[in-house]
1. Karplus couplings for segment 434-446 from phi (6.51 cos²θ - 1.76 cosθ + 1.60, θ = phi - 60°), rounded to Hz, Gly and Pro as x?
2. If you work out semi-axes √(5λ) of the Cα gyration tensor in Å from the coordinates, which of (i) 51, 31, 19; (ii) 39, 31, 27; (iii) 53, 34, 22 do you get?
3. Once phi is turned into ³J(HN,Hα) by the Karplus curve 6.51 cos²θ - 1.76 cosθ + 1.60 with θ = phi - 60°, what whole-Hz value does each residue of segment 155-167 show in order, with x for glycine and proline?
4. What distance in nm separates the simple spin-label points at Asp273 and Gln508, each placed 7 Å from Cα in the Cβ direction?
5. Can you list residues from other chains, or at least 5 along the same chain, whose modelled amide H is less than 5 Å from the amide H of Ala87?
6. Between Thr574 and Lys389, what is the label-point separation in nm under the 7 Å Cα-to-beta-carbon projection?
7. Give me a comma-separated list of calculated 3J(HN,Hα) values for segment 329-341, in order, Karplus coefficients 6.51, -1.76, 1.60 applied at θ = phi - 60°, integers in Hz, x for any Gly or Pro.
8. Taking the highest mean first, how do the peptides 154-164, 434-444, 79-89 order by number of other beta carbon atoms within 10 angstrom per residue?
Amino acid sequence: MDLNQNRTMKKKTLSTLISLIGTLGALPALADTELATVHVEASQDADPATSYRRASSTSATKLAVPLKDVPQTVNVVPAAVLKDQNASSLQDALGNVPGVSFSVGDGQRDQVSIRGFSAINDQYVDGVRDDALYFRDLSNIERVEVLKGPSSVLYGRGSSGGLINRITKKPLAEPVREIAVTLGQDDKQRMSIDVGANSDDDFARFRLTGALEDSGNFRQQYFLERQAVAPSVQLKLSPDTTLLLQADYLKDKRLADQGVPAFQGKPVDVPIDTYYGSANGRDQAYVESEVTSFTGTLDHRFASGLKLHNVFRTYDYSLDRNYTTINNVNETARTVTIDRAKRLRDENGYYNQLELSHDVSLGETEHTVLYGLEVGQQHKTEQLWSRKKVATYDLFDPQLVVLPEIAAGTAPSNDNATDIDIAALYLQDLVTLTPQWKMLAGLRFDHLRQTRDDKTSANLDLSRTDNTFSPRLGVVYQPTSVVSLYASASQSFQPIADSFTFKQNSDQLKPEETINYEVGSKIDLFDNLALTTSLFEMTRANIQTADPSDSNKALSVGEQRVRGVELSMAGAITPLWDVIAGYAYLDGEITHSTEKTKAGTPFQGNQPALTPRHSASLFVKRKLPGGFNVNAGLRYEGERYASADNLVKLPGYTRFDLGTGYSGKSLEVNFTLKNVFDKKYYIAAHSGANDYNLPGAPRTAEVTARWKF
């Protein structure tokens, strides 16, 4: 983006923000309306610093309502679990969530599949879209919430299998003051801070979080250099009005590592540290991301009980990715040939969500109503250069060389700019029909325009506008105060907007559409232990596949269906035993496709990528006298395919972890020993290709010490 474009966008952003906040002036008539008083019974969360259970969440409804009133599965990984497990990455956190499998993400980003569907773009922070392709840090994250199933009714495009919502740390009435240091095998070194202060009159609350990391791991040449900082301030403008201002900066540079290729239908059998790239990976095979964001949140409660919530978020993202890809694996010669590439991406954009909510009685029913308006704009650019067949290595014993450079002046094969503009209206009503029956209904309308300016000689410019409705309807039956039974149906859509891969006719293709049907239960087993079960069927239609008669075009003929069962448990079994656990059974199938694999076999009838039939996780902690504890965990994944062609299979595995900890007044220590039995396994694959399979870490010891002052 040139300077004039940047100024123009900033002016449009400021104008939009001012006009939206200015709508406050049009609200007095509504604010002065006399509304009925409604008493809502909400579950109380236990101490968030120590509890493994959250009784309420905002991810599913954009309102703080009890999870037992939500006819949808929501998995929460709270702060206490993140701390006890020494979690420092989003992958660490999501290992506790059933139905989630990991993608290698091209070695550049967090990427998962949820319930058998890719969630590459379904990242959110405090309910606002955060779809840039990078690795997130947890130093500013209070907890991670995973909303299962289509959620376009509140969030717009995407979210077939679910979405990931990171809840940030915010200024507190009792500010924390701590410094943490993490040391581990293979040169892991990380330091983080979390400090805050308040004004004497409590008008202003401040908080600052951040992290520095300079680490290696078990992979050859691997390095990670990371800096993160996130200041925030909350201002109490009046007894009924607060303004929260947050900034976030992250710089992340690491080896561009995509694991090992495949041989005879499975990952090649080599030592798990084997790297297929450059002999000078630090300079020739790295990925560097830089992300800056600013968020302003205004909350106001009118005398009538009407609540206003306005969030404005703007961000800027850049990517410098130098990497290698697999050109060919010759199984007869037992060699692998690699290409070299350089990819640059730049993005910036904003989102503004203006929401009004209130409680009202209509006859014998009680309603919690949410009205929403969202507008946003994104500008994304990409350039790609490549050089074919820069090196050929022995598949089983690669002797790496310094790779030849991409010649100066080489024309990029990709050179484009994509603009996305959205405007959406949504309405949601949580209805209490009787003390036992509740209903959640919602509808969203999205106007989404996307344009692509192709700057290559092909000049393949594209433009498409979609106007889409996304409904949701759910019913909850609560025969007792501790049992909730529910049924729901929802629908989502995914246009080409978030993909950098376009075909000549992409502007003629309808958005992919997902429909989900789900029934389940939510039961409070004890005072602070929740059990959730769900049975679901999701079908995604209009999946784009290559046109067999013209590889430059695509057809909307693909269809994928996943049926499954999920169980999850979180909380305290007794005052001395805490647990977070989950199990997922996924029966996935590509029910319709005209495309053939490179082996000539049909995709139709195949199992979706990264979709194991069975997966499970368990983590338990036993509190001991004197502030000590011991804990143990496991993660199990059945065999799964690296991609939808089902030509490469990753074997199933079970990994066991052990740990112990101490919590005192001014000092906390957590020690973990991961993969106790030194199991060789593969934690991630590509999902769209077969030769990028990432081994899991071997037995690894790690310790974190936190000083409170």
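1. 9, x, 9, 10, 10, 9, 10, 10, x, 8, 10, 10, 10
2. Answer label, from the structure shown: (ii).
3. 10, x, 4, x, 6, 6, x, x, 9, 10, 10, 8, 9
4. A separation of 5.4 nm, rounded to one decimal place.
5. Long-range HN contacts for Ala87: none found.
6. Here the modelled spin labels are 6.9 nm apart.
7. 10, 9, 5, 6, 7, 6, 10, 10, 10, 10, 10, 10, 9
8. On the way: 154-164: 27.6, 434-444: 17.0, 79-89: 21.3.
Most protected by this proxy first, the peptides run 154-164, 79-89, 434-444.
The numbers here are math on the coordinates, done by the rules we state, and not lab data. Computed from a predicted model, the values in this text were never measured in an experiment. All Cβ positions, even for glycine, are placed from backbone atoms using ideal geometry, and neighbour counts span all protein chains on display.
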